[in-house]
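Below: the structure, in C-alpha cells.
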Amino acid sequence: MVARPPVRIVVDRMKVEDLPGVHEIERASFSTPWPAHAYRHELENNRLAHYIVARCGDQIAGFAGMWLLVDEAHVTTFATRPEWRRQGIGERLLLALLDLAAARGAHEATLEVRPSNMPARRLYEKYGFKVVGTRTRYYSDNNEDALIMTTDALEGRSMRERIAELRAAVAARPDIELDESDRPVDRSRGSDGSGGPGAATAHDATGEAGGPKVIQPSSVTRRRL
C-alpha cells in the first residue's frame, strides 16, 4: 500500500455546499439522522446555531454544531466519518466549539450523551464536562436515558488552563497520512490511552453526542445574540 502525502486538518465554518458530505456522515453515525433539509434550515435561518466542519484535504471528515442560548453553549450534534476516527478530529472540533463559545460570551457549555457511549464520555470528561443530571428515556430509538454534561465556567482559570494544555497536545499531533484510497493510515492504535482501540476521539463507538435529536431546529425561537 502506497502512502499519500500527509494532510492537515482544517476546522472551518460549515457551508451549504458542505451539506452532501455532512449528510453522509450523519447517516453513517446516527440511528435517527436529521432529514436532509434540517442542516440547511440551521445554516440559513437559525441565528442561534453555529456549525463547523473538519476538512482533511478535499474531504469533510467530521462536523459539529451548537446553539448559543444567552450565556450557555449547547452542543447539538457531533460526528466523525467512521474511517477518519482516531485521528484527533473530534478533539479539534470540540476545541473549536469551546473557543467559539468563549468568544461569544458563553459562561458554560453543555450537552447530552448516552451513558453507554463511553468513548464520547471519556472525551468530554477530558475537556472538563461533568455529569450534572439525567434526561429520562431521551433517545427515541431505544429509550435510553441521556446524561447531561456541563463544563465549569469557560472563563475560569481551571478551564482556561485545561484547554491551553489540551490545545498544545492536539497541535503537536502529526499530519494525517493517506493511503492510496485517500483513507487515513491509522498510526495511533495502541500508542497510549488516547489512541488504542475504542479511543476517546469524538464518537468512536456510536458516532453520537446528542444522539437522536428530539428537539427540532425550528422549535427554538430565533433571535440575534
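The values are calculated or read from the model by the stated rules, or taken from the named source; none is laboratory data. As the structure is a prediction and not an experimental result, all values here were calculated from the model. As a convention, Cβ positions derive from the backbone with ideal geometry for all residues, glycine included, and neighbour counts pool all protein chains shown.
The single condition among (1) more than 25 Å from Ala106 (Cβ to Cβ); (2) among the basic types (Lys, Arg); (3) under 14 Å from the mean Cα position of the chain (by Cα) that Arg13 does not meet is (1).
Can you say whether Gly133 is modelled with pLDDT of 95 or more, assigned to a loop (DSSP other than H, G, I, E, B) and in contact with a Ser or Thr (Cβ under 9 Å, 6 or more places away or on another chain), as far as the supplied structure shows? Judged against the criteria, Gly133 is not a match. Taken over the stretch 85-112, residues that are in contact with a helix residue (DSSP H, G or I) (Cβ under 9 Å, 6 or more places away or on another chain) and either assigned to a helix (DSSP H, G or I) or among the hydrophobic types (A, V, I, L, M, F, W, C) (or both) amount to 11. The single condition among (1) in contact (Cβ under 8 Å) with a residue 24 or more places away in the chain; (2) over 25 Å from Arg157 (Cβ atoms) that Thr134 does not meet is (1).
The residue pairs whose first member lies in the stretch 103-128 and is closer than 9 Å to Ala73 by Cβ and at pLDDT below 95, whose second member is among the hydroxyl-bearing types (Ser, Thr, Tyr) and assigned to a helix (DSSP H, G or I), and whose beta carbons are closer than 9 Å, counting only pairs six or more residues apart or on different chains, do not exist in this structure.
Go through the stretch 46-65 and give me each residue that's out of contact with any His (no Cβ under 8 Å at 6 or more places or on another chain) and either closer than 12 Å to Thr77 by Cβ or buried (at least 24 other Cβ atoms within 10 Å of the Cβ) (or both). Step through it out loud before you land on a result.
At the first step, the residues of the stretch 46-65 found to be out of contact with any His (no Cβ under 8 Å at 6 or more places or on another chain) are 46-64.
Within the stretch 46-65, Ala49, His50, Tyr51, Ile52, Val53, Ala54, Ala61, Gly62, Phe63, Ala64 meet the criteria.
Going through the stretch 83-96 one residue at a time, which ones are under 23 Å from Ala146 (Cα atoms) and either surrounded by fewer than 24 Cβ atoms within 10 Å (Cβ to Cβ) or small (Gly, Ala, Ser) (or both)? Gly90, Glu91, Leu95, listed by residue number. Checked against (1) under 28 Å from Glu144 (Cα atoms); (2) at pLDDT 90 or above, Val10 meets all criteria but (1). From the list Pro33, Pro6, Pro20, the one residue that fits, being without any contact (Cβ under 8 Å) to a residue 12 or more places away in the chain and surrounded by 12 or more Cβ atoms within 10 Å (Cβ to Cβ), is Pro33. Would the stretch 68-82 turn up any residue that is at pLDDT below 95, part of a strand (DSSP E or B) and surrounded by fewer than 19 Cβ atoms within 10 Å (Cβ to Cβ)? Within the stretch 68-82, one or more residues are at pLDDT below 95, part of a strand (DSSP E or B) and surrounded by fewer than 19 Cβ atoms within 10 Å (Cβ to Cβ). For the stretch 209-224, the count of residues that are outside any loop (DSSP other than H, G, I, E, B), surrounded by 13 or more Cβ atoms within 10 Å (Cβ to Cβ) and either at pLDDT 95 or above or in contact with an Asp or Glu (Cβ under 7 Å, 6 or more places away or on another chain) (or both) is nonzero.
Please tell me if Thr76 is farther than 22 Å from His23 by Cα and among the β-branched types (Val, Ile, Thr). No: the conditions fail for Thr76.
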